[in-house]
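So the structure is just underneath, and the comments pick up after that.
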Amino acid sequence: MKHITEIETTQILDLNQMDLCFVAEVKRRSGVEINQCWHCQSCAGGCPFVLAMDYPPNRVIRLVQLGLRKEALESSGIWICVGCNTCSIQCPNSIDIPAVNDALRQIALEEGVAVGEPNILNFHRAVLQSIERHGRSHKLEIMLRYKLKKHDWFRDMTVGLKMFAKRKLELLPSRTKKIADVRRLFEPKSTV
């Protein structure tokens, strides 16, 4: 995995490789107007996982804006994002970057694009299990379940400590009052 400062930033764009409909597709799926991004990099300044990403959030948005579908969908950044919304809070235009990443992950899975970050699907499954169990995500449980499967306990401990310091990790899960409503979302669809 490349660190942000190691990525080659000057590339010649092949205009024949640009997907001019990509921005519209991502906007339709995410509900986010990504052309409002000023590329001020405030999102990257707030993201607790930015150092693990190949591209910071604003660069992923730039890839989409330029129609560089393959590069955006193969980015590890869209998979590393945990949806904590710290980037969106930092954004002067309140761009919902986790929603953009959700849309990009969905497109990548539909198109069979190689996942940009190994083992990350296990992480996303742990998130869904937590939501099914509690009605919302319990980040500490998610991280512990993921680490248990990976057998990698301490490599990114500093990130966890940063999240705890920013009050993004709670020791005990909170439950939604209408857990039955949430659990119905996870039931298999019936065919009529």
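What follows draws every value from the coordinates through simple rules; no lab data is involved. Just so we're clear, the structure is a prediction, and the values are computed from it rather than from any experiment. Reconstructed Cβ throughout: ideal geometry from the backbone, glycine too, with neighbour counts over all protein chains shown.
Dipole size in debye (nearest 20) for the chain around its Cα centre, Lys and Arg Cβ +1, Asp and Glu Cβ -1? Using Cβ point charges on Lys, Arg, Asp and Glu, the chain gives about 1080 debye. Segment residue 171..residue 134, full-extension length gain: 12.0 nm, with 0.36 nm per residue of separation and the alpha-carbon distance subtracted.
Computed extension length for residue 162-residue 93: 22.4 nm, one decimal, from 0.36 nm per residue of separation with the Cα-Cα distance subtracted. In this label model, residue 51 and residue 114 are separated by 2.7 nm, measuring between points 7 Å along each Cα→Cβ vector.
Could you sort 105-114, 23-32, 56-65 so that the peptide with the highest average Cβ count within 10 Å comes first and the rest follow in order?
On the way: 105-114: 13.5, 23-32: 16.2, 56-65: 22.9.
Descending packing order for the listed peptides: 56-65, 23-32, 105-114.
Take every pair of alpha-carbon atoms less than 8 Å apart whose residues are at least six positions apart; their mean separation over the length of the chain yields a relative contact order of 18 percent. For region 34-140, the list of chymotrypsin sites (Phe, Trp or Tyr not before Pro) that fall in a loop by DSSP and count at most 12 other C-beta atoms within 10 angstrom reads 38. Available extension along the chain between residue 152 and residue 17 is 44.8 nm, counting 0.36 nm per residue and deducting the alpha carbon span.
Assuming a ≥ b ≥ c are the square roots of the Cα gyration tensor eigenvalues, decide whether region 120-185 counts as rounded (a/c under 1.5), prolate (otherwise, with a/b larger than b/c) or oblate. Oblate. Per the Cα gyration tensor, region 4-111 maps to an equivalent ellipsoid with semi-axes of 19, 16, 13 Å, ordered largest to smallest.
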